[in-house]
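**Student:** Quick one: this structure, given as structure tokens, is what I'll be asking you about.
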Amino acid sequence: MFIGEGPGQQEDIQGIPFVGSAGMLLNDYLTAVGIRREDVYIANIVKCRPPKNRDPLESEQDACIGYLWEQVRLVKPELIVLLGRIAARKLISSDFLITREHGRWFDMDGYKMMATYHPSALLRDESKRPEAFLDFKSIARELGKGDKQ
Ligand code: URA
């Protein structure tokens, strides 16, 4: 299961998470490490698009978090990958530092979780892409796919 921040413009129109440019890049990373998007459940912290793409407010996140936990309960994911700072701070720790702590595995409420860069951040700053690729390789390894190192 992958969890992003909230719907962008395309996601709002189509009602499907990660179908815009960030979603295309997410698809590329999944494909590169041998994970099929059809095998992944994707959700967001907030369920409505924040105005002008601003970060979702804490109160908005709190209003939606019950729905997210219900999604998690129904999906029973093998592992959870948090895309970006907002999701990592909501589900791992409120002071999570994505630049320093991405790629580390945590056991949270019995779920194995890792945070990596949000694909939008990778679109803005390509220098982060090799690190993100290593995170995706680690995800594939946890799922029993890919190389063993
Ligand atoms: N960014 C997100 O965090 N979620 C989406 O669904 C799309 C873009």
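**Student:** How high is the relative contact order of segment 65-117, in percent, counting Cα pairs under 8 Å that sit 6 or more residues apart?
**Tutor:** Value for segment 65-117: 38 percent.
**Student:** Taking each pair of distinct Cα atoms in segment 51-118 once, what is the resulting Kirkwood hydrodynamic radius in Å?
**Tutor:** Taking every pair of different Cα atoms in segment 51-118, averaging 1/r and inverting gives 12.7 Å.
**Student:** Measuring from centroid to centroid over Cα atoms, what is the spacing of segment 81-95 and segment 5-20 in Å?
**Tutor:** Result: 19 Å between the Cα centres.
**Student:** At 1.4 Å probe radius, can you tell me the per residue accessible area of segment 2-149 in Å²?
**Tutor:** 55
**Student:** Can you compute the charge dipole magnitude of the chain about its Cα centre, using +1 on each Lys and Arg Cβ and -1 on each Asp and Glu Cβ, nothing else charged? Give it in debye, rounded to the nearest 20.
**Tutor:** The dipole of the chain has a size of about 220 debye.
**Student:** Just to make sure I understand: if all protein chains stay in place, what is the order of 1, 24, 108 by accessible area at 1.4 Å, largest first?
**Tutor:** Largest accessible area first, the residues go 24, 108, 1.
**Student:** Could you work out the mean projected area of the convex hull around the alpha carbons of segment 1-146, in square nanometres to one decimal?
**Tutor:** 8.1
**Student:** Please identify, among 73, 85, 37, the residue showing maximal mean-square fluctuation in a Gaussian network model of the chain using a 10 angstrom Cα cutoff.
**Tutor:** 73
**Student:** Please work out how much length the chain gains when fully extended from residue 52 to residue 109, using 0.36 nm per residue of separation minus the C-alpha to C-alpha distance, in nm with one decimal.
**Tutor:** In short, 17.2 nm is gained.
**Student:** Which three numbers, in whole Å and largest first, are the semi-axes of the equivalent ellipsoid of segment 1-87 derived from its Cα gyration tensor as √(5λ)?
**Tutor:** Taking √(5λ) for each eigenvalue gives 21, 17, 11 Å, largest first.
**Student:** Could you check what % of the DSSP bridge pairs in the chain are antiparallel, to the nearest 5?
**Tutor:** Around 30 percent antiparallel, to the nearest 5.
**Student:** Could you pull the accessible area for residue 93 with a 1.4 Å probe, rounded to 10 Å²?
**Tutor:** 40
**Student:** A follow-up question, please. First compute the accessible area of segment 9-149 with a 1.4 Å probe, then give the percent of it belonging to carbon and sulfur atoms.
**Tutor:** Carbon-and-sulfur percentage of accessible area, whole number: 51.
**Student:** Could you report the accessible area of residue 78 in Å², rounded to 10, computed with a 1.4 Å probe on the protein chains as they sit in the structure?
**Tutor:** 140
**Student:** Can I ask one more? Which distance in nm do the two modelled labels at residue 74 and residue 134 give, with both placed 7 Å along the Cα-to-Cβ direction?
**Tutor:** 3.7
**Student:** With springs only between Cα atoms under 10 Å, which of 103, 84, 20 fluctuates most in a Gaussian network model of the chain?
**Tutor:** 20
The values are calculated or read from the model by the stated rules, or taken from the named source; none is laboratory data. Only a predicted model underlies this, so the values are computations on that prediction, with no experimental measurement involved. Reconstructed Cβ throughout: ideal geometry from the backbone, glycine too, with neighbour counts over all protein chains shown. Note: accessible area is taken over every heavy atom of the protein model, side chains too, but ligands, DNA and RNA are not part of it. Shrake-Rupley method; radii C 1.70, N 1.55, O 1.52, S 1.80 Å.
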